[in-house]
Amino acid sequence: MKNAFIFPFFLFLNFIVVGQKSIGEFSHSLQTDNKTVKGSFSVVNKMTNDIATFISDRKHIYAYLTDDKFVVKKKLKFKKNTKYRGVVGKIYSPDNKFSFVVSNVNVTTFGTIEFDFKKDTVVFTKDPFKTKGLTLLQNFNEQNKSHLVFLRKKTSELVVRTYTNNKKATNTTFNLKGDTFLIGKNKKTSLTKLLYNTLYNDYTITKIQSFEYGETGNKIQPVSIETTAEYTKLYAENDVIKIVFDKNKYYTQVLTLNLKKGTHSLIKIEKPLSEITGRNKASNSYIFNNFLFMTACSRKNLGVAVYDLENGKKLKEFTLNYQQKLPFKDVPIVIQGKEYKSVNKKQTKVFFRKIYYSDIGITVAKQNNNFIVTIGGKKPATLHNPMMSLKMGDNVSIYAVNNYRGFLDPHSYILNTFRNKKSTYFKGVLDNEFNFVSIPIKENVYDTINSYVTKNRQQENSHVFELNGKMIYSYYDQSANMYKFLAF
C-alpha cells in the first residue's frame, strides 16, 4: 500500500447525545493497541449509498466502508503524515473511491488524496494550481463537485476552482472590476474592500449550506442567528453561486456567479427603514428558496421586506413599532437566553433595543406551506488575535476565522451554533402571502439534537451528517470500542 498522507479530523464535536433511534454500529477493530480516539467523521457516497467512516488516533487513520445499514464491507489502516493538514473538499466515485481536496496549514497549497477501498491504497496528487495573489474565501460541495472560491485582491477578480471525480480541476474567473459596489447610500467601494472584515483581519464569507440530498421541504438547512448575523454570505445551488453583501445598511447587494456560463450579475435591493440613517439602524438579510428576506431595526422600529429574486418584485413589507405588541400569538421572544411567553409592550421595547445594539440577523425555514422567520441579534463579537490558530485534534490546526465559518464541516458547525446560541430573537410564522399567522412551531433537527445533548453526558469524537433524508449523529463509544449511529 502506498504511503498515506495526513487526513485531518476537525469535523467533529465535543459532545454526545442519546438519539431518537439507533440505526447501526460497528466494532472499531482496527485499533488494538490504544483505544484513545482523536477524531472521526463519515462521508456518504450518494452514488452507492455506502458510507466511509474515518477514525484517527495520534499516529494512524482507520477507515471503514459500510453499507447504509452500517455493516462493514472493507477496512483500511494508514499512517499519518503532517504535510497537508486541511480538508477543503470531498468527492466520491461509483467504485467507492473517496477523494479529498486538502491544503497546507496556510491554505496556499492544495492537492487531492484518494482513498481506494478496492485497491487498499491511498494516493496523494499535488495540485499545480498557483495561488500567489489569491486569498481563499470559502469552499462548498454540491452535486459531487468541490469548489474553492478565491479572491484576487489587486484586480477584484473571483476565481472558482472546481474539482470533480474525473481527477480534472478547472478554473472559472469572474472579473468584477467594472461592477459598482456601494458601502453607503451613494458611496462606491471595491469588491476587495467590501469583503474585508476588520474584526478578523481577513477576507471572509459565511457559507449557508444547502441540503445535499434535497429530500426535505427546505433547500437550505436550518441556520441560527449566530450564523446569519454575519454580513457576507454565500449560497450555492446547481452551479450557481450567490454572494450577498450586507455591510451596507441601505442596500442588500446580491452577486450571482454562473459557473457553467462563466457570467455574473449584480443587483442592489433597498432595505426596510431606508429613511433612517445608517448609523441609527442595524440591518441584514437572508435568502431562502430564491426569496430575499431583509430586516432593519432602529431603537423604535423593526422593518421586514420580502423580495422575489427572479424578477426583483417586492412581495411584502411591514414595520413594527416599539409601542406595539408583536403581531402574533403564542410566540415567545428570547432575550439573551431568557424566554418570555407573554409579550407586552415593555418587552417589545427591550427587544428592539437589544437587537439594535447587537449584530442583527434573520433566518427562514419552511414548515408545511408556511415560512418560519426568526429575527434577532447576537452579542457583537470582540476583536481578538485573528491569526491565532485553533487546535482541532492531533497536529491539526487552521485559522480561527475559517473554522468559525464552518469552513470544513457545515453540519457540525451549525449544530454547534445552535448549542451555544445566546442571542436575542423571536420566531414568527408567515403564510404563502407573507402574512402573520398563529400556528405551533416545530423544533428543527438541530434543536432536537441539542435537546438530547443537554440531557445526556458529554462524549468526544462525534459527528453529524445526512443520510436518506435524516440527520445522523455518530460517535465513538470507548467503553465498548464501538462506533455508533443515531438517526434524528
If we keep just the residues of the stretch 177-192 that are out of contact with any Ser or Thr (no Cβ under 7 Å at 6 or more places or on another chain) and basic (Lys, Arg), which is surrounded by the most Cβ atoms within 10 Å (Cβ to Cβ)?
LYS185
Going by the structure shown, is LYS97 among the charged types (D, E, K, R), surrounded by 19 or more Cβ atoms within 10 Å (Cβ to Cβ), closer than 30 Å to PHE26 by Cα and in contact (Cβ under 8 Å) with a residue 60 or more places away in the chain?
yes
So LYS247 ticks every box in (1) assigned to a strand (DSSP E or B); (2) under 18 Å from ALA229 (Cβ atoms); (3) in contact with a Phe, Trp or Tyr (Cβ under 6 Å, 6 or more places away or on another chain) but one. Which box is left unticked?
(1)
Just checking, does the stretch 129-144 include any residue being modelled with pLDDT of 85 or more, aromatic (Phe, Trp, Tyr) and in a loop (DSSP other than H, G, I, E, B)?
yes
Go through the stretch 419-473 and report how many residues are in a loop (DSSP other than H, G, I, E, B), closer than 30 Å to GLU317 by Cβ and at pLDDT 70 or above.
12
Restricted to the stretch 250-283 and to residues being without any contact (Cβ under 8 Å) to a residue 24 or more places away in the chain and in a loop (DSSP other than H, G, I, E, B), the residue nearest to VAL306 (Cα to Cα) is GLU275
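One line per residue, one yes/no per condition, for (1) more than 23 Å from THR173 (Cα to Cα); (2) at pLDDT below 90:
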residue: ASN186; (1), (2): yes, no
residue: ASN201; (1), (2): yes, yes
residue: THR204; (1), (2): no, yes
residue: PHE211; (1), (2): yes, yes
residue: GLY217; (1), (2): yes, yes
residue: GLU226; (1), (2): yes, yes
residue: GLU230; (1), (2): yes, yes
residue: ILE243; (1), (2): no, no
residue: LYS247; (1), (2): yes, no
Looking only at the stretch 270-308, which residues are under 30 Å from ASN369 (Cβ atoms) and either surrounded by fewer than 17 Cβ atoms within 10 Å (Cβ to Cβ) or hydroxyl-bearing (Ser, Thr, Tyr) (or both)?
GLU270, SER283, SER285, TYR286, ASN289, ASN290, THR295, TYR307, ASP308
Wholly inside the stretch 25-90, strands (runs of 3 or more DSSP E) that include 2 or more residues that are modelled with pLDDT of 80 or more and under 18 Å from VAL464 (Cβ atoms) are 39-45, 50-56, 60-66
Please enumerate the residues belonging to the stretch 44-72 that are farther than 17 Å from LYS484 by Cβ, aliphatic (A, V, I, L, M) and surrounded by fewer than 18 Cβ atoms within 10 Å (Cβ to Cβ).
MET47
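Can you confirm whether THR125 is farther than 19 Å from PHE150 by Cα, at pLDDT 85 or above and surrounded by fewer than 21 Cβ atoms within 10 Å (Cβ to Cβ)?
Values: farther than 19 Å from PHE150 by Cα: yes; at pLDDT 85 or above: yes; surrounded by fewer than 21 Cβ atoms within 10 Å (Cβ to Cβ): yes.
Yes; evaluated as a whole, the condition is true for this residue.
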Looking across the stretch 164-176 at residues that are touching a Leu at 6+ places or on another chain (Cβ under 8 Å) and farther than 21 Å from THR252 by Cβ, the single one that is surrounded by the most Cβ atoms within 10 Å (Cβ to Cβ) is THR172
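The values are calculated or read from the model by the stated rules, or taken from the named source; none is laboratory data. None of the values given here were measured: they were computed from a predicted structure. As a convention, Cβ positions derive from the backbone with ideal geometry for all residues, glycine included, and neighbour counts pool all protein chains shown.
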